[in-house]
1. With respect to S350, determine if the residue is polar (S, T, N, Q), at pLDDT below 95 and not in a helix (DSSP H, G or I).
2. From (1) touching a residue at least 40 places away in the same chain (Cβ under 8 Å); (2) open to solvent by less than 40 Å² (accessible area, probe 1.4 Å); (3) farther than 21 Å from G500 by Cα, pick out the condition that doesn't hold for E97.
3. On the given criteria, is A487 surrounded by 24 or more Cβ atoms within 10 Å (Cβ to Cβ), under 25 Å from the mean Cα position of the chain (by Cα) and modelled with pLDDT of 95 or more?
4. How many residues, within region 88-122, are on the phi > 0 side of the Ramachandran plot and polar (S, T, N, Q)?
5. Do we find that R542 is open to solvent by 30 Å² or more (accessible area, probe 1.4 Å), in contact with a helix residue (DSSP H, G or I) (Cβ under 8 Å, 6 or more places away or on another chain), basic (K, R) and modelled with pLDDT of 95 or more in this structure?
6. Would you pick out the residues in region 234-284 that are open to solvent by 20 Å² or more (accessible area, probe 1.4 Å) and assigned to a loop (DSSP other than H, G, I, E, B)?
7. Quick one: is A287 touching a residue at least 40 places away in the same chain (Cβ under 8 Å), under 27 Å from P70 (Cβ atoms) and outside any helix (DSSP H, G or I)?
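The values are calculated or read from the model by the stated rules, or taken from the named source; none is laboratory data. Note that this is a predicted model, so its numbers are computed, not measured. Reconstructed Cβ throughout: ideal geometry from the backbone, glycine too, with neighbour counts over all protein chains shown. Areas reflect the complete protein model, heavy atoms only, side chains present, ligands, DNA and RNA absent. Shrake-Rupley method; radii C 1.70, N 1.55, O 1.52, S 1.80 Å.
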Amino acid sequence: MVSLPRASELSTEEKASLTSGKSFWESEGVERVGIPSIYLTDGPHGVRKQAQGGDHLGIGDSVPATCFPPAVALGSSWDAELLERVGAALGEEAKAEGVGVLLGPGINIKRSPLCGRNFEYLSEDPILSGRLGAALVNGLQSQGVGGSLKHFAANNQETDRLRVSADIDERPLREIYLRGFQHVVRNAKPWTVMCSYNRINGVYASEDPWLLTRVLRDEWGFDGVVVSDWGAVNNRVDALVAGLDLEMPSSDGVTDAQLVAAVGDGSLDESVLTTAADRVIDLVQKAVDHADASATYDRDAHHALAREVAGRSVVLLKNEGVLPLDAASGRSVAVIGEFARTPRYQGAGSSQIVPTRLDNALDEIRAIAGDGAVTFSAGYALGDSDSDGDAAADASALTAEAVAAAEAADDVLVFLGLPGEDESEGFDREHLELPSAQTALLDAVIATGARVTVVLSNGGVVRVSGWADRVAAIVEGWLLGQAGGGAVADVLFGVVNPSGRLAESIPLRLEDTASYLNFPGEKGHVRYGEGLFVGYRDFDARDAAVSFPFGHGLSYTSFAFSGLTVAADADGDGIAVSLDVANIGDRDGREVVQVYVSVPGSSVQRPVRELKGFANVAVAAGATERVTVRIPNEDLAFYDTAQERWTVEAGEYEVTVGASSRDLRGSATVTLAGDAGLPLLAFDSTIGEWLAHPIGSQILMGALAQSGGGAVAGMLDDPGLRRMAESMPLNRVAAFPGSPVTAEQIQQLVAAANAATAANQPA
């Protein structure tokens, strides 16, 4: 392998060129010294490489590739091992196409169900997103193709996404919106991290040194390349100084010249440019070392994997005994809904893949049940406007045909979902409703008295509360990729026992969501006013009703939990949660064990329970498996803004295992020593804070005793006045006539208390 030269061997102009694109999808090379360009291309659920002569984005004109299920489905698998296999397959295809970096995965939090790009993200929870995102990166990079973890950070809406400021307090920013990124960076070491378009607390992500250098590099240890989202750079010089290494796409040399000019006039230290260029060279070196011009992949095997993954991602939301269907029973099946014949299998925007083949549910249902057993009625037309008179007449005829089919059939399957124009990159959804033509069709079919199974196709959650209680079964099919039609048929007929679990809550209505009053913001700002209480954290804290809770999903068998034990690690690095999972039904199946943690005596506000670990376990019918989930301290910690550090509190932790955030099967407590140390006191700390501080209280009470105590001692001795006294900052007491302490004495007490505290802090 040839070692590429270092940036110190290049001219200023050559260094600058290396830190921007050569074209829309290629990095710049330096031919003089043998540094080649490499290809970066869109993912994340397939290789979207632009075909020669295609449009600048390559949308609709990219080379065929396996369209795996998008992240909305992958997240519902709750299976890191499965996602690592998907990542490896993506790596094989990228390598075969000469791609050095695949732009994905996306792990932004689903803050609001209205985000138009939620189909490209994994979950509303950072622990789940982080674990699954790391698995995708590990699989991808095992094939010698770099991942690009995106969109860093707080890219939780499409409205005004190129400039909106996500205004977030530090605790939720750290604990919700950055936590998944932190896990992937530390545990999977992605070759690149892609910065987002938006601003965070007023600063563009592309030029935020706190985000790109202090947090990403200094705290998390990231040593790869920070690449911009395409067109995300606001000021090239400021971005480079902040820690952005590679601007994409090409600016035709315009911003390169800005860097050279800044070096020339002394406003940019050339060493900063050299460092960024060296990072890009290191990235190119990795890509070159792993490139293989003879690489190929097995299209049939990857399609089979896509079908397996899709089947494992389907969530059975409701089942009143109508599923699975029995292909051998001779029962007739009415398939209703155009989505069964014309599948919606991926989201709209830059991630659209040209599939190597495409299954549809109708053909796959016929393949299992037999042509003679299946009738089809379109039920509705895709793309028709509700206000179009001709379309209304056509809809009436389609509904009548569907009703007749339902009346004549033994089993009725109605396929509903969102059309592509309702959710896409570039804009947010306006509501959670299915198209009115579809809900009118469903009402008409239900009115026949048929026991209806609804199969959904959607990239973001839809409101089901208007009809869920009137149907016999609901299959959440999300967007399932090119093999999704076969996967849905497999689940409907029991070839696959469903094991998907919701990675996001399904609310009764949009107005119930925590972000409702703070989405999408106004005048360039969106306030994350719900703080830590995103998704199930909010619903569970308020004990609010939902249609289906986070983590929910049914099976064709049943599971029982027992034998729960929770123990702190001997080395103090975390806890181990163990339990027995018994399959008490008559079918083999998979259960997702979810571990939630509460800290009842916490010194800070916390959700009533938070997901901290999970395990996806296969259990044969009648068998029992012992499952252990290990939770490291870093996932038990909260971010202490006063001390600017992650802290594990000392005390009792309640550990609960369940099959959703609402289906809780057992709990136990464990006591942790913690690593919090003692907080420092300040000039304006309250008397209550002084008294709660084991060192400060001794110093304060000693000072009061020495001075005679005055009115303060009297208030502390009176139960009726003590609470009022405890709320008073000590420095305010110094201003009162007859105060036992002066402002100068308080400064001395603070210094003495903090010196003693520092001497007693944990290392």
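1. Here the answer is yes, as S350 does meet what is asked.
2. Condition (2) is where E97 drops out.
3. Working: surrounded by 24 or more Cβ atoms within 10 Å (Cβ to Cβ): yes; under 25 Å from the mean Cα position of the chain (by Cα): yes; modelled with pLDDT of 95 or more: yes.
Yes; evaluated as a whole, the condition is true for this residue.
4. Number of matching residues: 0.
5. On the way: open to solvent by 30 Å² or more (accessible area, probe 1.4 Å): yes; in contact with a helix residue (DSSP H, G or I) (Cβ under 8 Å, 6 or more places away or on another chain): no; basic (K, R): yes; modelled with pLDDT of 95 or more: yes.
So R542 does not fit the description; no.
6. N234, N235, P249, S250, S251, D252, G253, D265, G266, S267, D269
7. So A287 does not fit the description; no.
Here is a yes/no grid of residues against (1) acidic (D, E); (2) crowded, with 23+ Cβ neighbours inside 10 Å; (3) at pLDDT 95 or above:
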position: D443; (1), (2), (3): yes, no, yes
position: A447; (1), (2), (3): no, no, yes
position: N458; (1), (2), (3): no, yes, yes
position: W467; (1), (2), (3): no, no, yes
position: G481; (1), (2), (3): no, yes, yes
position: E511; (1), (2), (3): yes, no, yes
position: S515; (1), (2), (3): no, yes, yes
position: G521; (1), (2), (3): no, no, yes
